[in-house]
Amino acid sequence: MSDGPRILVDADACPVKEEVYKVAWRREVPVTIVANSWLRVPAHPLISRVVVSDGFDAADDWIAEAADARTVVITADILLADRCLKAGAAVLAPNGKPFTTSSIGAAIATRAIMADLRAGGEQIGGPPPFAREDRSRFLQALDTALVRLARG
C-alpha cells in the first residue's frame, strides 16, 4: 500500500460507491470496497474489493484494523466510525457529514437512545431519505478530506 491517502468503503449498504469511484479516479487515490458478499466493482487498478466472512461485524473489523491516519473511511455505522476515528482516520457518512472526535460521543449516545426506544416498542422513523443534496455534500466532503490528507 502506498504512503498516500486511500479510501475504505463499508460497502454493503453504501449509496455513494459511484461517487467514491469518480473522486478516486480524479484524485488518483486507491479505494478498497469491503463487504461480506460479492459486489461488482469497476475493473480499474485503483479499485479493489475485499469480501469478508458473513460473521458479525467482519467487515467492520477488517476496516477498523486497516484504518489509519492516511485513510478516509466511508460508513454510516456510528460504532465503526468511532473505531476508525480512534485509529486516526477521517470518517464520512454517505450523506457527506463528517464524524469527528468531538461529534462521535453524541452520535453514539443518540444511537443508544434510539435503540432503547425501539426496544421499548416505540414507533420511530429512520433517517430521512437519501437526497440529491446528500450526494452533492458527500462529493464535496470526500474531495476536501482527500485534499487535507494529501497535504499531510
Completion exercise
Cα-based Debye curve of the chain sampled at q = 0.10, 0.11 Å⁻¹ gives log₁₀ I(q)/I(0) of -0.35, -0.42
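List the chymotrypsin sites (Phe, Trp or Tyr not before Pro) in the range 1-90 that DSSP assigns to loop (not H, G, I, E or B) and whose Cβ has at most 14 other Cβ atoms within 10 Å. Which are they?
Numbers: sites: Tyr21, Trp25, Trp38, Phe56, Trp62; in loops: Trp38, Phe56.
The qualifying sites are Trp38, Phe56.
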Handout entry: Environment charge at Gly96 (Cβ cut-off 11 Å; Lys +1, Arg +1, Asp -1, Glu -1)
Key = -1
Exercise for the section: Counting other Cβ atoms within 10 Å, keep those with at most 13, restrict to DSSP loop, and tell me which GluC sites (Glu not before Pro) in the range 8-97 are left. Expected result: Glu28
Handout entry: Helix-only mean residue ellipticity at 222 nm for the chain, each DSSP H run of n ≥ 4 adding -39500 (n - 2.57), per residue, nearest 500
Key = -13500 deg cm²/dmol
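To the nearest 20 Debye, how big is the dipole of the range 6-151 about its Cα centre, given +1 on the beta carbon of each Lys and Arg and -1 on that of each Asp and Glu? Display every interim value, and only then the final one.
Numbers: 18 positive and 18 negative charges, 139 e Å.
Approximately 660 debye in magnitude.
Each reported figure results from applying straightforward, stated rules to the coordinates on display, with no laboratory input. Note that the coordinates shown come from a computational prediction; the quantities given were computed from them, not determined experimentally. Neighbour counts run over all protein chains shown; Cβ positions are idealised from the backbone, glycine included.
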